[in-house]
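Inspection log for the structure reproduced underneath, given as structure tokens.
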Amino acid sequence: MKLDWKAKAALPLFLIHMLAAALLVGQAVPLDVRAATDGKVTQESIDAKEKEIDQAKEDIKGLKSGLSDVKKIKEELEREKSDLKSYVSKLDENLAQIEGDIRRLENEIAVKEADLLLSSSELEQAERKVQEQYDLTKTSIRFMYEAEKKSSVWELLLSAGGFGELLNRVDYINSVYEYDRNLWEEYLLNRNYVQLCKEQLEVERDYLEEQKQAVEEQQAQVEELIEAKRDQIVAYETDISNKEQAIREYEQEIDDQNALIAELERLVEEEKERLRQQNAAVVTYDGGMFKFPLADYTRVSDDYGERIHPTLGVLQFHNGVDLAAPKGTAIYAAYDGVVVAASYSSSMGNYVMINHGDGLYTIYMHASALYVSADQSVKRGDAIAAVGATGRATGNHLHFGVRKDGAYVSPWNYLSK
Ligand SMILES: [Zn+2]
């Protein structure tokens, strides 16, 4: 049997305690994050939290590898337990066979015992017959002696009245002897035969008894073996249940760690949002004039204000200025600010919206390319996009709009041609 798993099991269990300790330390982290959100959020504080998330993810890798080790050990134990069980069921089969043998032998012994009983009574009967015949012979001879008052056979013979009587007496004695002896011999022969049969039966019974004893010893050995194997199975089951406990602990810790990561990530998102708001809040407009959003192409193809629509012939309000320029011409940020959106819409095409603070925004539409992204801080004159004709546009141009306190205003309030 393999016992080296015990050594293997020691490491993961040690790991559990190490990681549990690490977790307790880790659990202080969300409190720190919450404390930080009460004060000022910085990119550094967000970076620090993200590093902690990475560390927690590393910890999970360690836990998962420990978990997989314990699972392997458990599988190994289960395999060995199942091997043992099939061995025990084989032993059970053996035992059933042995018990069958014992029953068969017991039946055979019972039959022999019955035969022996019968043969004992036959023997008694035979012996009784021998004895009876012996007694009969003795009685008939004594009767003859006593009738003639003679003390011996010779006297009996010699006391006969004549030769004829003598011969008669000799014949009589002989015939009595002959008859009795034949019967006696027959009975003796029969008794000896019955005796022999009985002895043979006893030998057979003793042999069966020996066999039974041998099989019973075998039975005891197999039962002992089964008992030992069942103890081993119980030991395996204990080990397996310990491993299951360890697996549950690992899984619980992985769940806890994942919950911690989720909480950290949520808090980091909150911090990022706060940081965005802080950045947005610090933007203030100092009242300076805008930089013209294109370098060389200052031809206004469609001005701000009310105008007759060129094809529809109806009066329309144009909320910005259209500046004609070749595709790819750099578009500049009109003033310092933070990019609110750098995105696409079906009407505006690729567009950029910049917050300059104090409710002042600029919008740049129909770009062929965008060079900035949301939340990015920009300086007056930074290249933020390239001229194009995306969205609802008939040709390459920049539609430049300005919003103040939630409404479009004339860009010429902030621009000079
Ligand atoms: Zn326009």
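If you wrap a convex hull around the Cα atoms of the chain, how much volume per residue is inside, in Å³?
Per residue, the Cα convex hull of the chain comes to 316 Å³.
If you average the C-alpha positions of the stretch 166-209 and of the stretch 314-341 separately, how far apart do those two centres end up, in angstrom?
The stretch 166-209 and the stretch 314-341 have Cα centres spaced 145 Å from each other.
Express in nm, to one decimal, how much length is gained between residue 165 and residue 128 on full extension, taking 0.36 nm for each residue of separation and deducting their alpha carbon distance.
Going from the current span to full extension adds 9.7 nm.
Once phi is turned into ³J(HN,Hα) by the Karplus curve 6.51 cos²θ - 1.76 cosθ + 1.60 with θ = phi - 60°, what whole-Hz value does each residue of the stretch 99-116 show in order, with x for glycine and proline?
5, x, 4, 4, 4, 4, 5, 4, 4, 4, 5, 4, 4, 4, 4, 5, 4, 5
Amide H neighbours of residue 302 under 5 Å, at least 5 residues apart or on other chains, H built in the peptide plane: list them.
Here 322 satisfy the definition.
For the stretch 285-309 and the stretch 217-279, what is the separation of their C-alpha centers, rounded to whole Å?
67
So what is the 222 nm mean residue ellipticity for the chain from helices alone, if each DSSP H run of at least 4 adds -39500 (n - 2.57) and you divide by all residues, rounding to the nearest 500 deg cm²/dmol?
Taking each H run of at least 4 residues, the total per residue is -24000 deg cm²/dmol.
Can you pull out the trypsin sites (Lys or Arg not before Pro) in the stretch 353-399 that DSSP calls coil and that have at most 11 other Cβ atoms within 10 Å?
Listed in order of number, the matching sites are 379.
Checking the table 49/72; 327/379; 71/229; 51/243; 74/229 against a 29 Å threshold on Cα-Cα, which pairs fail?
Too far apart for the 29 Å limit: 49/72; 51/243.
Using a/c under 1.5 as the rounded threshold, could you call the stretch 112-215 rounded, prolate or oblate? The axes a ≥ b ≥ c are square roots of the C-alpha gyration tensor eigenvalues, and prolate needs a/b larger than b/c, oblate otherwise.
prolate
Quote to one decimal, in nm, the extra length available between residue 121 and residue 407 on full extension: 0.36 nm per residue of separation minus the C-alpha distance between them.
Residue separation times 0.36 nm, minus the Cα-Cα distance, leaves 89.6 nm.
For residue 341, which sequence-distant residues (separation of 5 or more, or a different chain) have an amide H within less than 5 Å of its own amide H, given hydrogens modelled in the peptide plane?
Excluding prolines and chain starts, which carry no amide H, the hits are 353.
Please give, to one decimal in nm, the separation of the simple spin-label points placed at residue 241 and residue 417, each 7 Å out from Cα toward the Cβ.
9.3
Over the chain, what is the relative contact order in whole percent, taking alpha-carbon pairs under 8 Å and six or more residues apart?
Rounded, it is 16 percent for the chain.
Which FRET efficiency, nearest 0.05, do residue 314 and residue 256 yield, Cβ-Cβ r, R0 56 Å?
My answer for the efficiency is 0.30.
Read-outs: derived from the displayed coordinates by stated rules, not from any lab. This structure is a prediction, so every number in the text was calculated from the model and none was measured. As a convention, Cβ positions derive from the backbone with ideal geometry for all residues, glycine included, and neighbour counts pool all protein chains shown.
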